[in-house]
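Quick notes on the structure that follows.
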Amino acid sequence: MERDVLQVFASVYVTESEMSVRDKVELINFIRVSEKDDILLLLATGRPNNILKEDISVLIETEIFIESLVLQELPFTKQVPTGKLKNIFTGPFGTSSSTPVTKTKLTGAGKGVLAAVVVAAIAAGAYMIYKRYFSKAAKACKGKSGDERSACIKQFKRQALQAQIAALKSGMSKCAQSKNPDKCKAAIQQKVQKLQAKGR
């Protein structure tokens, strides 16, 4: 998973989590400037720099878990972390750092995962699609210059934005698997509206 995709996942997750505005700002600023491993540590432990970087297995397990959420390869309810990752999304992410997140807490007693997790995964997945579309611009616009190149890049950017919006709308159906589907849908709809305004 690329660092910027992980940053989108982590930032959206923090934004949608229940914590003070001050904590959100602090964590998002940390995510913005941190290396990939530090973000994975934050998600795995709930606190930055909580474990030794030498414990590579935790980083690998965390990345695989988050990537499977973003790619939506399985239903969210089937992806509850176990073993070393049973404490994922603890600390500042809506629970006391001293209280481990058990399967029941993460899934809401079988009613679905936290809405913040689903929203973060959908947003990160949609961002990946945006990147994939926009990356075609470099090849397609090669050899063009000036206004012609600007128009070419603008066209691909518009297409990439539309693909990102479509992915968000499509992903909204996954909100049914969250503990709070209405909150999840509202958060996704808000992101859609922001992107639509950006594309005008």
Of the conditions (1) closer than 10 Å to ALA115 by Cα; (2) surrounded by fewer than 17 Cβ atoms within 10 Å (Cβ to Cβ), CYS184 satisfies every one except a single condition; which number is it? (2)
Being closer than 30 Å to SER68 by Cα, in the same structural domain as LYS179 (by TED's automatic domain parsing) and either β-branched (Val, Ile, Thr) or without any contact (Cβ under 8 Å) to a residue 24 or more places away in the chain (or both): is that true of ALA151 here? no
Just to verify a result, which residue in segment 28-41, among those that are assigned to a helix (DSSP H, G or I) and over 14 Å from the mean Cα position of the chain (by Cα), is surrounded by the fewest Cβ atoms within 10 Å (Cβ to Cβ)? VAL33
Which numbered condition VAL113 fails, given (1) of a type in the set (Val, Ile, Thr); (2) more than 13 Å from the chain's Cα centre (by Cα); (3) at pLDDT 80 or above: (3)
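Going residue by residue through segment 160-176, is there one that turns out to be in contact with a Ser or Thr (Cβ under 8 Å, 6 or more places away or on another chain), surrounded by 19 or more Cβ atoms within 10 Å (Cβ to Cβ) and of a type in the set (S, T, N, Q)? Quick ask: steps written out before the conclusion?
Within segment 160-176, the first condition is being in contact with a Ser or Thr (Cβ under 8 Å, 6 or more places away or on another chain), and the residues that meet it are none.
Looking through segment 160-176, none of the residues is in contact with a Ser or Thr (Cβ under 8 Å, 6 or more places away or on another chain), surrounded by 19 or more Cβ atoms within 10 Å (Cβ to Cβ) and of a type in the set (S, T, N, Q).
The values are calculated or read from the model by the stated rules, or taken from the named source; none is laboratory data. Being a predicted model, the structure only gives us computed values, none of them experimental. We place every Cβ from the backbone using ideal geometry, glycine too, and count neighbours over all the protein chains shown.
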